[in-house]
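Encoded as structure tokens, the structure appears first; notes follow it.
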Amino acid sequence: MRRALYPLLALFTVVEALPQVKLGKATVVGQDVSEKVEFFGGIPFAEPPVGELRFKAPVLKTHLPGTTFNATSYGNACIQPIRLSGLSRAYPVPHVIKPLFGPATSLSEDCLFVNVYRPTGIAPTAKLPILFWIYGGGFFIGSSNQYDGKDLVARSVERGTPIIYVNINYRLGPLGFPQGQEAHDRRALNLGILDQIAALEWVQANIHAFGGDKNKVTIFGESAGAMSIGVLYLNPRLESLARAAIFESGSSNGPTTYPAARNEDVWKGFVEKVPSCASVASSGKTFDCLKKASAEEIAAGVLASAQLGLSLSWAPTLDTGRGSVYPDYASRLYAKGHFARLPFIAGTNRDEGTAFASQAPLSDQDIKDMLVLQHLPAVTTPLELNNTADKLLELYPDDPSVGSPYGTGAELFGLPSSYKRYASLMGDLTFVAPRRQWSQVAAKAGVKSYAYHFTHPQPVPQIGVNHGSEIAYVYAQPPVTDSAGQGISAIIADYWISFTVSLNPNDGKGVKRPEWPQYTSKNQVALQLEGGNTTAVKDDFRKEQIAYLIEKSLVLRR
């Protein structure tokens, strides 16, 4: 009898030794992930979006059931078109294609979880600033377990400015960003964005228990994560949920934006791949059937529709009416001053477009056709859209010496010259011009901001300093083979932490680093982030090309 008690007593001893937080009536049990950092993961911030809650706005969940909650690991990732061994080879996605940091995890619709990394042993009264991450992945892949925040938190402790790091999951693909007229009519749009808002509301309600200050939340994200933050900025309500942001390679007007009805065929293509609902795919009444479909059928439909090439069609849509999070094109809202007045850092990498450029030979007409098709129907007139496409072909000539990856001269890396041309155009169209436009709009409105240009050399010459390459450096986890990267990573992490703590990247703590000038209408400068060559530069590279893209932002549905 006494021996039978030993395992139970050992279990209690282990639990007692683990970090714990009281959240309402529940004791949340986490784990130590380093000498300086504790982790609490897999905490639900909303009811599982299954059954009748499928395709509905998240239902906030601020209390936990029971008396003890095991938060020693990440929760499920949201359903997406990957296999657990890695991304399906059907996807031409250039980054975040495997867990960069953290273990593999299972996929489920029950995936709306929040994770918290905090300095070891802090008191609930510590009131530390929060750095809140939103992952990228084209709005159809990604999960929080890819991003291990322990090194960022540990660095914040070492430099005497401790922070708490939070990351979340949000719904992806058809479950997070339904398309088509029926989704519009049912007010089932931009659910993934609403998930992010719910997670921010959870932080407002609960982060104090972990020693955080709900009034000092900085949201940051990369690619689709940064684009999501851009959409959040189009809603002044954001000012009650956060006080600042960091945009890594993404702005609200980066993706081409449509009303949901424009992508009716995309929705139909997905429903056709859900076996029990294929017969109603063209009916315009699919939701009732889809809500009854099994999770396995939905997951199969997501994977199969992605293999048809529909992956990049899942994105935020225009959403007019009460409760809208995306009421109009960003360029129009900018002009009206309809955006949150929160300070921010925003930047891009030198060769954003290489990951998205076709490696097949493309003629002038091929590129024009792709541009026109991508932006139809025209917001203005078909003629203006055609003229805009013609002008872009002039501004981005078929000249390898000015193409991307930049600074590589006439080198083609065995690829057609159109690759470097298209990479340059796509990078500016989707990332660089939207970032510069956002910086200029904010400066004109008197919003404090800082711009960066990440140019640290990367190991694959044909893709250059590509999309997503800054992430490891931000997370203080640069490649061990990159000796210069160790230094620039420490600098970047210090800038990010400093901004989170003081709304200024120049707190003078941590490693010695250059002063980062504020971006103003009279002083439009970006900080070049590069090992051994970090310095302020004028934000005027490709001046004529990017100015034209900004001028034509509405024509280009941005």
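The values are calculated or read from the model by the stated rules, or taken from the named source; none is laboratory data. Just so it is clear, the model here is predicted, and its values are computed rather than measured. Reconstructed Cβ throughout: ideal geometry from the backbone, glycine too, with neighbour counts over all protein chains shown.
Residue-by-condition table, conditions (1) at pLDDT 95 or above; (2) assigned by TED's automatic domain parsing to the domain that holds residue 158; (3) of a type outside the set (Val, Ile, Thr):
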{"site": "486", "(1), (2), (3)": "no, no, yes"}
{"site": "491", "(1), (2), (3)": "yes, no, no"}
{"site": "495", "(1), (2), (3)": "yes, no, yes"}
{"site": "498", "(1), (2), (3)": "yes, no, yes"}
{"site": "501", "(1), (2), (3)": "yes, no, no"}
{"site": "514", "(1), (2), (3)": "yes, no, yes"}
{"site": "527", "(1), (2), (3)": "yes, no, yes"}
{"site": "539", "(1), (2), (3)": "yes, no, yes"}
**OP:** Output the residue which, of all residues in the range 32-42 that are under 18 Å from residue 212 (Cβ atoms) and either of a type in the set (Phe, Trp, Tyr) or assigned to a loop (DSSP other than H, G, I, E, B) (or both), is farthest from the chain's Cα centre (by Cα).
**Re:** 36
**OP:** Pick out, from the range 238-330, the helices (runs of 4 or more DSSP H) lying fully within it that include 3 or more residues that are within 23 Å of residue 82 (Cβ to Cβ).
**Re:** 264-271, 295-305
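Can you name every residue in the range 151-207 that is of a type in the set (Ser, Thr, Tyr) and within 20 Å of the chain's Cα centre (by Cα)?
Taking the range 151-207 first, the residues of a type in the set (Ser, Thr, Tyr) are 156, 161, 165, 170.
Correct list: 165, 170.
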Original post:
Restricting the search to the range 503-532, which residues are over 23 Å from the mean Cα position of the chain (by Cα), free of Cβ contacts under 8 Å to residues at least 60 places away in the same chain and surrounded by fewer than 18 Cβ atoms within 10 Å (Cβ to Cβ)?
Top reply: 506, 508, 511, 512, 514, 515, 522, 523, 532
Original post:
Any chance the range 295-309 includes a residue that's over 30 Å from residue 402 (Cβ atoms), in contact with a Pro (Cβ under 8 Å, 6 or more places away or on another chain) and charged (D, E, K, R)?
Top reply: yes
Original post:
Which helices (runs of 4 or more DSSP H) sit wholly inside the range 441-552 and have at least 1 residues that are within 29 Å of residue 150 (Cβ to Cβ) and in contact with a Phe, Trp or Tyr (Cβ under 9 Å, 6 or more places away or on another chain)?
Top reply: 471-474, 483-502
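Quick grid of which residues meet (1) under 15 Å from residue 174 (Cβ atoms); (2) buried (at least 23 other Cβ atoms within 10 Å of the Cβ); (3) not hydroxyl-bearing (Ser, Thr, Tyr):
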{"position": "253", "(1), (2), (3)": "no, yes, yes"}
{"position": "274", "(1), (2), (3)": "yes, yes, yes"}
{"position": "281", "(1), (2), (3)": "yes, no, yes"}
{"position": "295", "(1), (2), (3)": "yes, no, yes"}
Original post:
Are there any pairs, at least 6 apart or on different chains, whose C-beta atoms fall under 6 Å, with the first in the range 110-124 and farther than 25 Å from residue 194 by Cβ and the second part of a strand (DSSP E or B), and if so, which?
Top reply: 118/38; 118/164; 120/38
Original post:
For the range 467-502, which residues satisfy the criterion of being surrounded by 15 or more Cβ atoms within 10 Å (Cβ to Cβ), touching a helix residue (DSSP H, G or I) at 6+ places or on another chain (Cβ under 8 Å) and within 22 Å of residue 405 (Cβ to Cβ)?
Top reply: 467, 468, 470, 472, 473, 474, 478, 485, 488, 489, 492
**OP:** Six or more apart or on different chains, Cβ under 6 Å: which pairs go from a residue in the range 419-444 that's at negative phi to one that's of a type in the set (D, E, K, R) and surrounded by fewer than 24 Cβ atoms within 10 Å (Cβ to Cβ)? Could you list them?
**Re:** 421/398
**OP:** Working carefully through the options 279, 305, 249, find the one that is in the same structural domain as residue 204 (by TED's automatic domain parsing) and at pLDDT 95 or above.
**Re:** 279
Subject >> Hey, residue 393 aliphatic (A, V, I, L, M), touching an Asp or Glu at 6+ places or on another chain (Cβ under 8 Å), closer than 22 Å to residue 547 by Cβ and in contact (Cβ under 8 Å) with a residue 12 or more places away in the chain or not >> reply: yes
**OP:** Mind listing whichever residues of the range 43-86 are buried (at least 21 other Cβ atoms within 10 Å of the Cβ), small (Gly, Ala, Ser) and assigned to a strand (DSSP E or B)?
**Re:** 46, 77
